[in-house]
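Worksheet: the structure to be examined is printed underneath.
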Amino acid sequence: MRAATGMNELDRTDRRILRALQADGRITNAELASRIGLAPSSLGERLKRLQKEGYITGFSARLDPQKLGFGLLVFVEVILDTTTPDVFDRFAKAARRTPEILECYMVAGGFDYLIKTRLSDMAAYRRFLGEIVLALPGVRETRTYAVMEEVKNDGPLPL
């Protein structure tokens, strides 16, 4: 299956590179070139292109939230008081500026936004809800889902 975008389409080699990087973002270029069967210079050109075209958006380390004191994973449904472009815009801007909000999605369905956060415990969540979420522009109602078990949270894209 090929990814159709406004950019160049990915070929089989591009997909192999992306799969390998999803599995191990710290792989050296020499090892990646060897694994893919490319000359290091050809791999370098492809990596530059994949980054320039936005297929590769960055590199980061996966951290253990438990060890760092963020063992409670919570999702929050947010319903806004009105659904106008201005309210959507103000909410989105405020959510982007809030470091405690790890991810935020505008969704279709019975609510307007889905927020993901990680906190130390329920007391910290209560503070987050009262001081941060309910203070976001336009929030009328929330529903909270505390995660009991993370079944799968690191799945790569199926390239």
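The values are calculated or read from the model by the stated rules, or taken from the named source; none is laboratory data. Owing to the predicted nature of the structure, the values given are computational and were not obtained by experimental measurement. Note that we place each Cβ from the backbone using ideal geometry, even for glycine, and neighbour counts take in every protein chain shown. With ligands, DNA and RNA removed, areas are computed over all heavy atoms of the protein, side chains included. Shrake-Rupley method; radii C 1.70, N 1.55, O 1.52, S 1.80 Å.
Computing the accessible area with a 1.4 Å probe over protein heavy atoms, can you report the carbon and sulfur percentage for the range 1-109? Write down the numbers at each step before the final one.
On the way: 3900 of 7430 Å².
After summing per-atom areas, the C and S share lands at 52 percent.
Secondary-structure-derived ellipticity at 222 nm for the chain, considering helices only, amounts to -9500 deg cm²/dmol, per-run term -39500 (n - 2.57) for DSSP H runs with n ≥ 4.
Explain nothing, just the number: relative contact order of the chain, from Cα pairs under 8 Å at least 6 residues apart, as a whole percent. Don't jump to the answer; show the numbers that get you there.
Working: 159 pairs, mean separation 41.2, N = 159.
Computed value for the chain: 26 percent relative contact order.
With the simple spin-label model, which puts each label point 7 Å out from Cα in the Cβ direction, the residue 23 to residue 96 separation comes to 3.6 nm.
Pairs of lysine residues in the chain that meet both criteria, 8 or more places apart or on different chains and Cα atoms under 27 Å apart, total 5.
Take the range 38-157 with all the other protein chains still there, run a 1.4 Å probe, and you get 67 Å² of accessible area per residue.
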